[in-house]
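See below for the structure under consideration.
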Amino acid sequence: MTSTLDVGDARLAYTEAGSGSPVVWLHGSGPGATGMSNFGGNLPAFSDYRNIVVDLPGWGESPRPETGEPLIFHAADRVCRAMTALGIERAHLVGNSYGGAVAMRIAMRYPDRVDRLVLMAPGGVLPPDAPPWPAGLERLFAYMAADKPSREAMAEFVRHMVFDESLATDALIDERYESSLRAHPELPVPPNFGDLTPDLGLITAPTLLVWGREDQTVPLTWAPRILTGIPNAELRVLPNCRHWVQYERAPEFNHIVREFLRGGAAAAEG
């Protein structure tokens with residue numbers, strides 16, 4: 001069940017499940033994205049954690065932000081306020097794409113609040129030669145710019161998120177399409193997400209980067225800048241996989257993230 005928190009100048013929707021050490025899950029910025037659409041299928045594997053799955057400002061059930069601040073910076077501060085309201089002093093953060101950027105910003109600005117950091121193809125750090133944008137980002141921005149996006153546009157977007165296009169089911173496309181119509185962000189295209197590159201060295205938390213080798217949205221070629229910029233980072237690359245690692249390769253993702261959160265090597269087996 002979705003609940004809502006008042007965080008001062010905004011309301012954040014979230015879903016809570018499980019019990020144990022807290023994990024805050026932060027979703028991507030794709031059309032129709034919500035916390036549970038990104039991570040609902042992973043939560044059963046993390047039932048021994050207290051999972052807080054957030055709808056970031058402007059997505060899902062969280063109202064659009066009234067701000068000129070870069071979206072990553074704005075969202076990071078509101079997530080920290082939500083953690084405080086929930087009595088969470090420190091948590092693991094798991095972020096996908098835009099949500100990975102929000103997680104990095106929290107780790108930079110509030111290092112004492114972050115235990116371990118898991119980032120799936122995070123945004124917020126661009127190579128010097130971008131744009132031109134990869135195909136997945138082009139479709140994301142085109143969808144966001146449309147006055148009334150079509151279901152076919154959503155289908156094209158979802159198919160670009162996965163290597164195995166059979167995973168782009170009608171049910172998934174319909175869910176994302178209906179969600180996008182309920183909470184279509186009114187943002188400049190491309191939005192002002194903010195640049196995290198200068199502050200990567202401020203992240204002290206142990207960090208796991210997880211990337212799909214065939215990612216066409218945040219390409220693997222963008223990973224080295226983050227990997228070398230964060231002092232205690234490691235990278236795990238999954239083949240035959242695009243941007244939605246947690247969905248397309250859920251069993252492997254769940255395994256390596258659980259190992260990492262327990263303090264073991266990300267590639268450990270058993």
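The values are calculated or read from the model by the stated rules, or taken from the named source; none is laboratory data. Everything numeric in this text was worked out from a predicted model, so none of it was measured. Heads up, the Cβs are rebuilt from the backbone with ideal geometry, glycines too, and the neighbour counts pull from every protein chain shown. The area values use the complete protein model at the heavy-atom level, side chains included, leaving out ligands, DNA and RNA. Shrake-Rupley method; radii C 1.70, N 1.55, O 1.52, S 1.80 Å.
Below, the figures for the structure above:
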{"read-out": "Estimated [θ] at 222 nm from DSSP helical runs (n ≥ 4, -39500 (n - 2.57)) normalised by residues in the chain, nearest 500", "value": "-10000 deg cm²/dmol"}
{"read-out": "Segment 5-91, accessible surface, carbon-and-sulfur percent (1.4 angstrom probe)", "value": "46"}
{"read-out": "Rounded, prolate or oblate (a/c below 1.5 giving rounded, otherwise prolate when a/b exceeds b/c) for the chain by Cα gyration tensor", "value": "rounded"}
{"read-out": "Under the Karplus curve 6.51 cos²θ - 1.76 cosθ + 1.60, θ = phi - 60°, whole-Hz ³J(HN,Hα) for segment 166-171, x wherever Gly or Pro sits", "value": "5, 6, 7, 6, 4, 4"}
{"read-out": "Approximate spin-label separation Ala45-Leu220, in nm, with each point projected 7 Å along Cα-to-Cβ", "value": "1.9"}
{"read-out": "Å² of accessible area per residue within segment 1-72, as computed with a 1.4 Å probe and no ligands counted", "value": "38"}
{"read-out": "Rounded FRET efficiency, nearest 0.05, which uses the C-beta distance separating Asn192 from Ala135 and R0 of 25 Å", "value": "0.70"}
{"read-out": "Coil-residue GluC sites (Glu not before Pro) of segment 1-75, DSSP, other Cβ within 10 Å capped at 12", "value": "Glu66"}
{"read-out": "FRET efficiency, Arg182 to Glu234 (Cβ-Cβ, R0 41 Å, nearest 0.05)", "value": "0.60"}
{"read-out": "Extension gain (nm, one decimal) between Glu152 and Ala171, 0.36 nm per residue minus Cα-Cα", "value": "5.5 nm"}
{"read-out": "Estimated FRET transfer efficiency when R0 is 25 angstrom, pair Ser19-Thr84 (beta carbons, to 0.05)", "value": "0.80"}
